[in-house]
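So the structure is just underneath, and the comments pick up after that.
The values are calculated or read from the model by the stated rules, or taken from the named source; none is laboratory data. Quantities reported herein were computed from a predicted structural model and do not represent experimental measurements. Neighbour counts run over all protein chains shown; Cβ positions are idealised from the backbone, glycine included. To get the accessible areas, we keep the full protein, side chains included, count just its heavy atoms, and leave off ligands, DNA and RNA. Shrake-Rupley method; radii C 1.70, N 1.55, O 1.52, S 1.80 Å.
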Amino acid sequence: MLHASLDCRGRILELDRPRIAGVVNITTDSFSDGGRWLDRDAAIEHALRLVEEGADLLDIGAESTRPGASPVAAGEQIARVVPVIEAVAARTTVPISIDTSDVEVMRAAVAAGAGMLNDVHALRADGALEVAAELGVVVCLMHMQGEPRTMQQDPHYDDVVGEVHRFLTDRLFACQLAGIERKRIVVDPGFGFGKTLEHNLALLAQCARFAEIAPVLVGLSRKSMIGALTGREAPESRVAGSVAAALIAVQNGAAIVRVHDVAPTRDALAVWHAVKSQVVPTARRTDVVAAWDDD
Ligand code: HH2
């Protein structure tokens, strides 16, 4: 079967194996690294380091979506992301995604060199579908129940997998109606966005259902579900749990994992990929058993 590839305005992301999106948060208050990359040069250096470590794609954003985070005006988001996108686009060949729900920021980021829109509101803001169609970029449609400020207060579903699947399918059709080609669409079940631990686990176990719709991107990295499962309070201590979750996601059909810790994720996926893509002839397996018998 032919694998999909995403054309992010001339920068091609082949989906022949699971790919890694490195997170660059130019924010004061992101849940795991707020304030660390607010300085322009620090953000650029961080992005380039993620590429060196094996990121296939960079996801750059200037507004935290964690519960209780302060909104960041479009002008301020643009001031933060544009110089970083321009510098990174000039110094690497990897595709760049802009993490925003704001149409002005989308336009400015794409003019600066981004080729993908990552929108936690799945292009539901006024004019977002039209702008995405006009820009001719890849879009990532994420599911969220409620709004970031209150979404974790009392999330409820009768059938979380079915409801998220229906939402993503509806948004995919809305995109197509607006003129966004299907080959430019990626979907994301939205881990932690209006979901309890049980909801997140059901979605992770059934990621393959979403791969029926479009290539799947998942963001599990350092999230509170990993903290709840491992008992680790500090987000930066959740690396091993996050890598395990990323592996489960790709095993269950995810095409792209959005992570803060690129190097360990890359190593884990390299091992996964080697095992997955190898064909061991039966005869050789017998040889191995025989060799053990000789010892
Ligand atoms: N998660 C976050 C932000 N953007 N985009 C997609 N498509 N999927 C996700 O799961 C996702 C996302 C939250 O992570 P982070 O950016 O590290 O935190 P914050 O929103 O606090 O900046």
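Ile185 - would you say it is open to solvent by 10 Å² or more (accessible area, probe 1.4 Å) and either within 15 Å of the ligand (Cβ to nearest atom) or closer than 23 Å to Gly34 by Cα (or both)? It would help to see each step written out before you state the result.
Numbers: open to solvent by 10 Å² or more (accessible area, probe 1.4 Å): no; either within 15 Å of the ligand (Cβ to nearest atom) or closer than 23 Å to Gly34 by Cα (or both): yes.
No, not satisfied.
Assess whether Asn200 counts as being within 16 Å of the ligand (Cβ to nearest atom), surrounded by 15 or more Cβ atoms within 10 Å (Cβ to Cβ), without any contact (Cβ under 8 Å) to a residue 40 or more places away in the chain and not aromatic (Phe, Trp, Tyr). Spell out how you get there, then give the answer.
Values: within 16 Å of the ligand (Cβ to nearest atom): yes; surrounded by 15 or more Cβ atoms within 10 Å (Cβ to Cβ): yes; without any contact (Cβ under 8 Å) to a residue 40 or more places away in the chain: yes; not aromatic (Phe, Trp, Tyr): yes.
Considered against the rule, which asks whether it is within 16 Å of the ligand (Cβ to nearest atom), surrounded by 15 or more Cβ atoms within 10 Å (Cβ to Cβ), without any contact (Cβ under 8 Å) to a residue 40 or more places away in the chain and not aromatic (Phe, Trp, Tyr), Asn200 comes out as yes.
Whether a residue is outside any strand (DSSP E or B) and surrounded by fewer than 23 Cβ atoms within 10 Å (Cβ to Cβ) was assessed, and Phe193 does not pass this test.
Evaluating Val275 against the criteria (1) hydrophobic (A, V, I, L, M, F, W, C); (2) touching a Lys or Arg at 6+ places or on another chain (Cβ under 9 Å); (3) open to solvent by 40 Å² or more (accessible area, probe 1.4 Å) leaves one unmet condition, (2). Just one of Arg238, Arg222 is of a type in the set (D, E, K, R), in contact with a His (Cβ under 7 Å, 6 or more places away or on another chain) and either open to solvent by 40 Å² or more (accessible area, probe 1.4 Å) or within 12 Å of the ligand (Cβ to nearest atom) (or both); which is it? Among Arg238, Arg222, only Arg222 is of a type in the set (D, E, K, R), in contact with a His (Cβ under 7 Å, 6 or more places away or on another chain) and either open to solvent by 40 Å² or more (accessible area, probe 1.4 Å) or within 12 Å of the ligand (Cβ to nearest atom) (or both).
So, in the stretch 213-237, of the ones that are without any contact (Cβ under 8 Å) to a residue 24 or more places away in the chain and not in a helix (DSSP H, G or I), which residue ends up nearest to Ala21 (Cα to Cα)?
Out of the qualifying residues, it is Ala234.
Filtering the stretch 110-120 for residues that are among the acidic types (Asp, Glu) and at pLDDT 95 or above leaves a non-empty set.
For the stretch 167-181, which residues satisfy the criterion of being of a type outside the set (S, T, N, Q), surrounded by fewer than 17 Cβ atoms within 10 Å (Cβ to Cβ) and under 15 Å from Ala122 (Cβ atoms)? Can you show your working first?
Let us first name the residues in the stretch 167-181 that are of a type outside the set (S, T, N, Q), namely 167-168, 170-175, 177-181.
Subsequent filtering for residues that are surrounded by fewer than 17 Cβ atoms within 10 Å (Cβ to Cβ) retains 170, 173-174, 177-179, 181.
Asp170, Phe173, Ala174, Leu177, Ala178, listed by residue number.
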